[in-house]
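Take a look at the structure below.
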Amino acid sequence: MSRETIVLGAGMVGVSIAWHLARRGRSVLLMDRRPPGRETSFGNGGLIQREAVRPYPFPRDLGKLLTVLPNRRVDIRYSLRGMLGAAGPLFSYWRHSSPSSHGRIIPEYASLIELSTQEHEPMIEAAGAGDLVSRDGWLEVYRTGTALAVRAQEARDAAERFGVTHDLLDQAALRGREPQLSNDPVGAIHWTNAWSVADPGGLVSAYAQSFEREGGRFLQAGIQGVARHGQGWRVETDAGSHEAEDVVVALGPWAGEWLKALGYHLPTFVKRGYHMHYAASHEARLHHWLLDAEVGYILAPMRAGIRLTTGAELERLDSPPHHGQLAAAERMARKLYPSLGERLDAEPWKGARPCLPDMKPVIGPAPGNEGLWFAFGHGHQGFTLGPATGRLVAEMMEGEPTAVDMSPFRADRFGS
């Protein structure tokens, strides 16, 4: 008899885990309160970031910290209650962002990123979702030569150490790729082995349908509790209870709170974000996904319109939305891309990225509880890393050799 497994959370990470386990012959029940790909995975920038080998550190430069204090930046905003509520994890995040600590983390984190596109590939093929994915890379645009030069050096390092490919563009070359941009940028990095997705939620949904074709089952229900039951586990939902030998917690930004009931107090926090879709005026076309790197927002030509996504907001997960960050990003985006048209959505979308202070996810067995597994805390890269995480979790659960060393991602690295 196949081993009964429940996966909690139907974002990119949870769906990918369920897909890999079903392919290995397990009986898998995937659960979420919403359909697959309708929470955090729905609202991201739609990039599979093969270049993202450097996780985002906490700002440590005094000059930048002083510019954050007025709380008017596009890339980062905060509330005092949100900062105080996550003070411990944020201080640990700041410590881990020191040059020496960050330097040690980069190769560990990069070991996951290096698997990103290669692990999406078979899932895209199985899901028949190739029409959603472009392999033309994306543009990281700079307004000053100094910042571009720093990033170009990081790009060369990423190429040498981690196989990242890129083109360095001057202003004329950038205009050749995106003629509708203003003259503000001085150049860009074109990341050429990253992929873009025209409908991120749609890709997750396609992966979930592929999982069901493998024999997996999806249950849309509110999860009420998880507890030991004999030698296995029982999951209580508003649609009844379900038992399994193994349970995988892939609940993204909700994982930290859920696990407290089981005695786990991991230093989780969230970075919230917003998006809005826009029309393109005058029949103009944006050809590439584009990051305005020194300001901190993404413009992405998606099926639903040109999606503008904000940077990070340090705020409590369930606090009401604050739309000032999106409005500030929109003002800057209209200067960079004057053809940006009217808003298409009735309200801005709000979501949250699940974060841990050392910038690495937790992937692996839960300490002290056989049959309980963790897969969350991917920060900005859950969409990129879902399929890689799915493969690695399945390898661990099946007792197979793992594609990379998993010790940097253990849950017990934060202590008991």
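Given the structure, is residue 207 assigned by TED's automatic domain parsing to the domain that holds residue 385 and either touching a Leu at 6+ places or on another chain (Cβ under 9 Å) or among the hydroxyl-bearing types (Ser, Thr, Tyr) (or both)?
So residue 207 passes the test.
Which count do you get for residues in the range 159-202 that are touching a residue at least 40 places away in the same chain (Cβ under 8 Å) and among the aliphatic types (A, V, I, L, M)?
8
Return only the number of the condition from (1) surrounded by 22 or more Cβ atoms within 10 Å (Cβ to Cβ); (2) touching a helix residue (DSSP H, G or I) at 6+ places or on another chain (Cβ under 9 Å) that residue 215 does not satisfy.
All conditions pass for residue 215, except number (1).
In the set 186, 133, 164, which member is more than 17 Å from residue 291 (Cβ to Cβ), modelled with pLDDT of 95 or more and either surrounded by 16 or more Cβ atoms within 10 Å (Cβ to Cβ) or touching a strand residue (DSSP E or B) at 6+ places or on another chain (Cβ under 9 Å) (or both)?
That would be 133, the only listed residue that is more than 17 Å from residue 291 (Cβ to Cβ), modelled with pLDDT of 95 or more and either surrounded by 16 or more Cβ atoms within 10 Å (Cβ to Cβ) or touching a strand residue (DSSP E or B) at 6+ places or on another chain (Cβ under 9 Å) (or both).
Consider the range 244-281. How many of its residues are under 23 Å from residue 232 (Cβ atoms) and among the hydroxyl-bearing types (Ser, Thr, Tyr)?
1
If I filter the range 107-121 for residues that are over 29 Å from residue 208 (Cα atoms) and within 18 Å of the chain's Cα centre (by Cα), do I get at least one hit?
No.
Output the number of the condition that residue 356 fails; it satisfies all remaining conditions of (1) surrounded by fewer than 17 Cβ atoms within 10 Å (Cβ to Cβ); (2) in contact (Cβ under 8 Å) with a residue 24 or more places away in the chain; (3) over 30 Å from residue 143 (Cβ atoms).
Among (1) surrounded by fewer than 17 Cβ atoms within 10 Å (Cβ to Cβ); (2) in contact (Cβ under 8 Å) with a residue 24 or more places away in the chain; (3) over 30 Å from residue 143 (Cβ atoms), the lone unmet condition for residue 356 is (1).
Could you identify the single residue in 204, 164, 141 that is in a strand (DSSP E or B) and within 21 Å of the chain's Cα centre (by Cα)?
141
Name every residue in the range 157-169 that is more than 18 Å from residue 118 (Cα to Cα) and out of contact with any Leu (no Cβ under 9 Å at 6 or more places or on another chain), in order of residue number.
Selection gives 157, 160, 167.
Here is a check on your reading of the model: is residue 306 touching a residue at least 60 places away in the same chain (Cβ under 8 Å), of a type in the set (Val, Ile, Thr) and touching a strand residue (DSSP E or B) at 6+ places or on another chain (Cβ under 7 Å)?
Against the criterion (touching a residue at least 60 places away in the same chain (Cβ under 8 Å), of a type in the set (Val, Ile, Thr) and touching a strand residue (DSSP E or B) at 6+ places or on another chain (Cβ under 7 Å)), residue 306 does not qualify.
Taking residue 407 as the residue in question, decide whether it is more than 18 Å from residue 44 (Cα to Cα), of a type in the set (Gly, Ala, Ser), within 22 Å of the chain's Cα centre (by Cα) and surrounded by fewer than 22 Cβ atoms within 10 Å (Cβ to Cβ).
Taking the combined requirement at face value, the residue satisfies it.
In the range 143-158, which residues are in contact (Cβ under 8 Å) with a residue 12 or more places away in the chain and over 22 Å from residue 182 (Cβ atoms)?
154, 155, 158
So for the range 383-393 (the condition being touching an Asp or Glu at 6+ places or on another chain (Cβ under 9 Å), of a type in the set (Val, Ile, Thr) and surrounded by fewer than 18 Cβ atoms within 10 Å (Cβ to Cβ)), does at least one residue qualify?
Checked against the condition, which is being touching an Asp or Glu at 6+ places or on another chain (Cβ under 9 Å), of a type in the set (Val, Ile, Thr) and surrounded by fewer than 18 Cβ atoms within 10 Å (Cβ to Cβ), the range 383-393 yields no hits at all.
Considering only residues that are of a type in the set (Phe, Trp, Tyr) and touching a helix residue (DSSP H, G or I) at 6+ places or on another chain (Cβ under 7 Å), look in the range 264-285 and name the one that is farthest from residue 333 (Cα to Cα).
Here the answer is 269.
The values are calculated or read from the model by the stated rules, or taken from the named source; none is laboratory data. Every value quoted in this text rests on a predicted model; they were computed, and no experiment measured them. Positions of Cβ are generated from backbone atoms using ideal geometry, with glycine treated the same way; all protein chains shown enter the neighbour counts.
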